[in-house]
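The values are calculated or read from the model by the stated rules, or taken from the named source; none is laboratory data. Not measured: the values here are computed from a predicted model. Backbone-built Cβ (ideal geometry, glycine too); neighbour counts: all protein chains shown.
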Amino acid sequence: MPTISKRGEQMPPSPIRKLVPFAETAKKKGTKVYHLNIGQPDIETPKPVLDAVRHSEFKVLEYSHSAGNESYRRKLVTYYERFGIKLNHQQIIVTTGGSEAILFAFMACLDAGDEVLVPEPFYANYNGFAVEAGINVRTITANIESGFALPAMDAFEKAITPRTRAIMICNPNNPTGYLYSKKELSVLKELCLKHNLYLFSDEAYREFCYTGEHFSAMNLEGLEDHVILMDTISKRYSACGGRIGALVTKNQAVLDAVMKFAQARLSPPSFAQIAGEAAVDLPLDYFDGIKAEYQSRRDILVKMLNDIPGVFCPNPGGAFYAIARLPIDNADKFCQWLLESFSHEQQTVMLAPATGFYATTGLGTNEVRLAYVLNKDDIRNAMICLAKALEVYPGRVALKEEILEKGN
Ligand SMILES: Cc1ncc(COP(=O)(O)O)c(C=O)c1O
């Protein structure tokens with residue numbers, strides 16, 4: 001039998017989806033599973049966005065321009081203007097989801113064997129895109145005590161090698177929820193200028209910031225030729241299935257190279273570009289309600305987590321994720337056990353083990369990522385389940401107070 005490629009072997013499975021078969025078995029047994037493992041928002045896609053597609057009149061469902069419909073790109077120019085990002089439509093290439101923008105940036109800016117530096121924990125699919133592009137992800141560890149703030153400049157300096165070509169951030173961050181400040185971005189600017197690196201900025205969750213204003217890497221003055229923005233409508237408008245994103249940069253050479261990749265895959269999806277264009281016309285207060293909803297879910301989740309003995313969860317500043325440290329021996333085992341062997345009143349909770357978001361072996365073994373994409377009642381019920389589960393989990397690690405009590 002022919003063998004599969006090394007690349008095929010190296011391609012990592014998704015840490016977010018690998019427990020799905022266990023969730024399916026739990027559901028077959030009649031257990032309700034609260035899905036906090038995946039960032040699939042339950043918020044409805046705005047009606048005007050869906051209506052624009054419903055009322056579109058195609059005679060032929062043809063390819064669009066490889067960079068995306070010009071009318072959509074011009075509309076996006078007005079969207080970015082709201083954040084002080086001044087562009088022309090030729091600096092935007094519409095992609096098949098933010099995923100393709102990440103892949104295009106890796107392929108257009110790095111050679112095989114080059115390195116991209118990423119603070120860990122990080123969005124696990126960067127690993128997959130790196131394997132596809134033949135590049136290496138190197139990490140600098142952020143810690144839970146600081147809420148996963150940007151590691152010190154020294155740590156970056158130490159990790160930079162002759163093969164390093166880019167630093168990548170996700171702001172606000174998936175999986176930590178950390179919102180990078182303008183000051184932290186200025187540190188990255190200095191590093192990128194000093195070492196002649198690209199700054200890849202994944203801003204999929206730009207609208208969802210709770211503890212401060214979002215500062216886009218595109219607004220870093222003097223770094224215009226280094227910054228590549230990866231964007232998506234997936235989370236912004238609850239339109240994950242539309243598969244529309246964008247790669248944005250002022251670097252003409254990168255745009256020219258990315259266009260060749262864009263031409264090879266012909267075009268981004270046609271229907272969803274119509275949806276994306278209509279979305280830019282939503283009233284500006286559209287996000288107020290959505291943001292308030294996510295923020296109140298975050299408040300419930302973080303409070304209930306920190307009320308559980310032995311659990312620590314820093315308060316995320318944005319996106320809709322949190323990482324919590326639990327009193328457990330092994331997050332992968334625990335998350336599987338929740339689905340396979342535990343239920344409370346016929347309910348359980350599905351979480352993503354944080355190990356998959358770290359590149360450094362051994363990190364994240366007592367951490368999980370939770371996505372607060374369920375309604376508040378479901379989040380409360382899920383947290384009750386988690387608290388009950390931690391009381392009976394066989395691999396529970398004793399807390400300091402318990403050890404002291406035993407000693408007495
Ligand atoms: C940080 C981040 N970047 C990119 C993506 C990919 O988004 P898309 O659905 O647009 O491909 C996601 C999806 O979860 C994400 O969380």
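Just a few scattered comments:
- Residue 233 closer than 28 Å to residue 374 by Cβ, more than 22 Å from the chain's Cα centre (by Cα) and either at pLDDT 95 or above or of a type outside the set (Ser, Thr, Tyr) (or both): no
- For residue 17, the criteria (1) assigned by TED's automatic domain parsing to the domain that holds residue 204; (2) in a loop (DSSP other than H, G, I, E, B) hold in every case but one, which is (1).
- Residue 258 satisfies every condition listed in (1) of a type in the set (A, V, I, L, M, F, W, C); (2) part of a helix (DSSP H, G or I); (3) within 14 Å of the ligand (Cβ to nearest atom) except (3).
- Flag if residue 283 is within 19 Å of the chain's Cα centre (by Cα) and either assigned by TED's automatic domain parsing to the domain that holds residue 202 or not hydrophobic (A, V, I, L, M, F, W, C) (or both): no
- Selection within the range 55-77: residues that are part of a loop (DSSP other than H, G, I, E, B) and among the small types (Gly, Ala, Ser). The member of this set that is surrounded by the fewest Cβ atoms within 10 Å (Cβ to Cβ) is 56.
- Scanning the range 324-346 for residues that are in contact with a Ser or Thr (Cβ under 9 Å, 6 or more places away or on another chain) and closer than 22 Å to residue 372 by Cβ yields 328, 331, 332, 338, 339, 342, 343.
- Residue among 177, 222 that is buried (at least 20 other Cβ atoms within 10 Å of the Cβ) and small (Gly, Ala, Ser): 177
- Of the residues making up the range 34-49, just one is away from the ligand (no atom under 16 Å from the Cβ), surrounded by 13 or more Cβ atoms within 10 Å (Cβ to Cβ) and in a helix (DSSP H, G or I), namely 48.
- Any hit, the range 95-102, residues being farther than 21 Å from residue 235 by Cβ and in contact (Cβ under 8 Å) with a residue 12 or more places away in the chain: no
Per-residue answers, yes or no, for (1) under 26 Å from residue 319 (Cβ atoms); (2) of a type outside the set (S, T, N, Q):
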| site | (1), (2) |
| --- | --- |
| 226 | yes, yes |
| 233 | yes, yes |
| 236 | yes, yes |
| 241 | yes, yes |
| 249 | yes, no |
| 252 | no, no |
| 255 | no, yes |
| 262 | no, yes |
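- Yes/no for residue 152 being on the phi < 0 side of the Ramachandran plot and within 16 Å of the ligand (Cβ to nearest atom): no
- Looking across the range 106-116, the residues that are within 16 Å of the ligand (Cβ to nearest atom) and surrounded by 21 or more Cβ atoms within 10 Å (Cβ to Cβ) come down to 106, 116.
- Of the candidates 239, 278, 246, the single residue that is modelled with pLDDT of 95 or more and away from the ligand (no atom under 16 Å from the Cβ) is 278.
- Residues of the range 211-236 that are more than 8 Å from the ligand (Cβ to nearest atom), under 11 Å from residue 101 (Cα atoms) and of a type in the set (Val, Ile, Thr): 228 alone.
Table: residues versus (1) surrounded by fewer than 11 Cβ atoms within 10 Å (Cβ to Cβ); (2) more than 16 Å from the ligand (Cβ to nearest atom).
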residue	(1), (2)
9	yes, yes
19	no, yes
32	no, yes
51	no, yes
79	no, no
84	yes, yes
91	no, yes
104	no, no
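- Filter result (away from the ligand (no atom under 12 Å from the Cβ), farther than 13 Å from residue 360 by Cβ and either free of Cβ contacts under 8 Å to residues at least 24 places away in the same chain or part of a helix (DSSP H, G or I) (or both)) within the range 117-141: 130, 131, 132, 133
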